[in-house]
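The values are calculated or read from the model by the stated rules, or taken from the named source; none is laboratory data. It should be emphasised that the depicted structure is a prediction, and the values quoted were computed from it without experimental measurement. Positions of Cβ are backbone-derived with ideal geometry, glycine not excepted, and every protein chain shown enters the neighbour counts. In case anyone asks, the SASA skips ligands and DNA or RNA and just uses the protein heavy atoms, side chains included. Shrake-Rupley method; radii C 1.70, N 1.55, O 1.52, S 1.80 Å.
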Amino acid sequence: MRKTRISTPIRYLINTALIVVLWVLLTVVISASGLKGEYYRGIMITIGINIILATSLNIVCGYLGQLPLGHAGFMAVGAYSGAIFMKSTPAAALLRAGNSAAVIPYLIIAVVIAAVVAGLFGLLIGIPALRLKGDYLAIITLGFGEIIRVVLTNIDSVLGFKVTYGASGLARIPKFTNFNVMYVFTVLILFLIHVFMKSRHGRAVLSIRDNEIASESVGINTTFYKTLAFVFSAMLAGVAGCLYAGYLGSLYPSTFKFMKSIEILVMVVLGGMGSMLGSIISAVVLTALPELLRSFSDYRMVVYSLALVLMMLFRPKGLMGTYDFSMGDTLERIIDRIRFGGKSRKEVQG
Amino acid sequence: MSNVLKCEHLRVVFGGLAAVSDFNIEVNENEIAGLIGPNGAGKTTVFNLLTGVYVPTSGVITLCDKDLAGMSTIARSHAGIARTFQNIRLFKDMSVLDNVTNSFNTKMKYSVLEAMLRLPRYWKEEKEARKKALDLLHVFNMEDLAYENAGNLPYGSQRRLEIIRALATNPKLLLLDEPAAGMNPAETENLMETIGKIRDRFHIAILLIEHDMSLVMGICERITVLNFGQVIAQGTPEQIQKDPVVIEAYLGKQRD
Ligand SMILES: Nc1ncnc2c1ncn2[C@@H]1O[C@H](COP(=O)(O)OP(=O)(O)OP(=O)(O)O)[C@@H](O)[C@H]1O
Ligand SMILES: [Mg+2]
């Protein structure tokens, strides 16, 4: 047991300071890189989107212990609903006039819409799929992801008017996702996942993963908590989709193919299922690496599968296992080391 | 003395085989009752019927005069039945403390939103839960292990933690499925003390399955003997030890 105890407000303060420092660092890197800065900014925004996608999938995949294969579907739902809303607002004109502050309220509404719509789809799929025991979730989410893509491609001809612009793509979406927006949302979502998991609800989710029968025996409503975790995960994927739409400015159904879901899954598995830090690290590495090694980008899937195979052989629990990082805990441990040297726990207590 | 658990003519059939038939039992408040019988006699099946894992083919189960028919495992936990498992089922990747606080889930009231915004009720209830869990761990001399991973505990402590986790649901009836299985004599001795302590301190009814005869005869006030799903004897330890049917069916087998 650690002897040093850092109180909760101090922990929050330390974390906030670190977040600000990282923001300053990244901003300096971008502005100091001249022409290349724009390129770095793009990579960082993509990394942010992938961090949200991976950590949100990790809720169901790592913490709940189920296998969903349609994360890209929820991302698509969020992307299209957020984008269609933004197109109906004066956001584009405001952005052209350089008034990005005035866009913020629209942006927040768009993100909320994306989260709610993706969450509703999550509910629709989660309730029937999660009531069954077994691997139904994988099959049902797989089907869902494909259905969403087909619907997005063909819905216009069914409706008789333009909504998604089918395979030719939804264009001229106001580009509201800049680096700061991305940074704030990434931090916010990581925080939300963290506080969710550190609550009675998060504990219930973890206990279901560890032993569903035992969870029921202590009164945990397993169906409710499975659905809750699934919907929460879908909502965050929706937010990621919305920010993605606001970054690219155009959307194509083909982006949200089955392989996109697998890509996100690979990030989670490589990072270690149930480790938020693992998901973050592998999202960063697997986004930055292909970018930095542009010439190899054709081999990306080969690299992914190789990495997966190697990981399964040498670190079957993923990079970080189920370890979750806490700045406060780490500091406590370091301070303990400094105060008490390498002495064992018992000596320290005695 | 009031009746906590009462089973009347309980019967369950799996594909033509009656795993349990005409099972009757009464367990009172403050009582430790034993359920014994050879392997495959249907003891665990009785627990699964009581906790709603299996639906009885016929028969009535009442908990404090409340009929449990049609209630799920979850609802029965809320009604006051808690259990441990023959094969340990801990939340292995969670801390010992979290294994216990998880049992308070339904008694805690803060919503998801309150948790995410970390509103006062979140802090208050979490603090209370942690304190209650540590107190409970303290009773069983396990508070030093509170922050260990449950999966890393030694075997005896895992069994003990399972009991604590069950107790944390604040049950009226505690079902222990072979709590001494795999324990050495010293650990078993220790466990007997623990079970006595639970009864004295929490005033609940305890029904336990056990193969260790010294444990069963030592702490149970009344014993029910099952063989091939049938109750073959019921009574005090002295009566059971003398019962020729039991000796033939069960104890006799051990002498061979
Ligand atoms: N779900 C089920 N389906 C079919 N048969 C079952 C089922 N559950 C239990 N049985 C059968 O019921 C009988 C009683 O099993 P049970 O597990 O209750 O025995 P037990 O008395 O707990 O034995 P042990 O001392 O070995 O734990 C066994 O023959 C078992 O095969
Ligand atoms: Mg058994």
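Here are the numbers for this structure:
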{"read-out": "Search result, residues across the range A:188-208 that are assigned to a helix (DSSP H, G or I), closer than 19 Å to B:A150 by Cβ and more than 7 Å from chain B (Cβ to nearest Cβ)", "value": "A:M197, A:G202, A:V205, A:I208"}
{"read-out": "Residues being more than 16 Å from ligand 1 (Cβ to nearest atom) and either of a type in the set (F, W, Y) or within 14 Å of chain A (Cβ to nearest Cβ) (or both) - total across the range B:2-17", "value": "0"}
{"read-out": "Any hit, the range B:18-25, residues being open to solvent by less than 70 Å² (accessible area, probe 1.4 Å), more than 11 Å from ligand 1 (Cβ to nearest atom) and within 17 Å of the chain's Cα centre (by Cα)", "value": "yes"}
{"read-out": "Evaluation of A:M235 against (1) open to solvent by 20 Å² or more (accessible area, probe 1.4 Å); (2) of a type outside the set (K, R); (3) within 10 Å of another protein chain (Cβ to nearest Cβ) (one fails), failing number", "value": "(3)"}
{"read-out": "Condition broken by A:I19, with the remaining ones in (1) open to solvent by less than 60 Å² (accessible area, probe 1.4 Å); (2) under 16 Å from A:L190 (Cβ atoms) satisfied", "value": "(1)"}
{"read-out": "Some residue of the range A:65-79 being surrounded by 12 or more Cβ atoms within 10 Å (Cβ to Cβ) and closer than 30 Å to B:D144 by Cα", "value": "yes"}
{"read-out": "Number of the exception - A:F161 against (1) touching a helix residue (DSSP H, G or I) at 6+ places or on another chain (Cβ under 7 Å); (2) more than 8 Å from chain B (Cβ to nearest Cβ); (3) not in a helix (DSSP H, G or I)", "value": "(1)"}
{"read-out": "Flag if B:T57 is more than 12 Å from every other protein chain (Cβ to nearest Cβ), farther than 13 Å from B:L173 by Cα and more than 13 Å from ligand 2 (Cβ to nearest atom)", "value": "yes"}
{"read-out": "Index of the failed condition, A:I220 passing every other in (1) open to solvent by 20 Å² or more (accessible area, probe 1.4 Å); (2) facing another protein chain (nearest Cβ under 7 Å)", "value": "(1)"}
{"read-out": "Leading residue by the ranking (surrounded by the fewest Cβ atoms within 10 Å (Cβ to Cβ)) among those in the range B:180-212 that are assigned to a helix (DSSP H, G or I) and among the polar types (S, T, N, Q)", "value": "B:N190"}
{"read-out": "Filtered residue count, the range B:223-248, keeping only those that are away from ligand 1 (no atom under 16 Å from the Cβ), buried (at least 19 other Cβ atoms within 10 Å of the Cβ) and not aliphatic (A, V, I, L, M)", "value": "1"}
{"read-out": "Residue among A:L69, A:L53, A:L120, A:L57 that is assigned to a loop (DSSP other than H, G, I, E, B) and closer than 30 Å to A:M273 by Cα", "value": "A:L69"}
{"read-out": "Meets criteria (modelled with pLDDT under 90, over 29 Å from A:Y80 (Cα atoms), away from chain B (no Cβ under 14 Å) and surrounded by 15 or more Cβ atoms within 10 Å (Cβ to Cβ)) for A:L293", "value": "no"}
{"read-out": "Restricting the range B:60-101 to residues that are within 16 Å of ligand 2 (Cβ to nearest atom) and either charged (D, E, K, R) or touching a Gly at 6+ places or on another chain (Cβ under 6 Å) (or both), the residue that is nearest to B:L145 (Cα to Cα)", "value": "B:R89"}
{"read-out": "Subset of the range B:26-50 that is within 14 Å of chain A (Cβ to nearest Cβ) and open to solvent by 10 Å² or more (accessible area, probe 1.4 Å) - its residue that is nearest to ligand 1 (Cβ to nearest atom)", "value": "B:T44"}
{"read-out": "Test set (1) within 16 Å of ligand 2 (Cβ to nearest atom); (2) at positive phi - B:I209 fails condition number", "value": "(2)"}
{"read-out": "Residue in the range B:168-179 that is more than 11 Å from chain A (Cβ to nearest Cβ), open to solvent by 60 Å² or more (accessible area, probe 1.4 Å) and more than 16 Å from ligand 2 (Cβ to nearest atom) present", "value": "yes"}
{"read-out": "Selection within the range B:64-121 - more than 7 Å from chain A (Cβ to nearest Cβ), part of a helix (DSSP H, G or I) and either open to solvent by 50 Å² or more (accessible area, probe 1.4 Å) or within 30 Å of A:T8 (Cβ to Cβ) (or both)", "value": "B:V96, B:L97, B:N99, B:V100, B:F104, B:K107, B:L113, B:E114, B:P120, B:R121"}
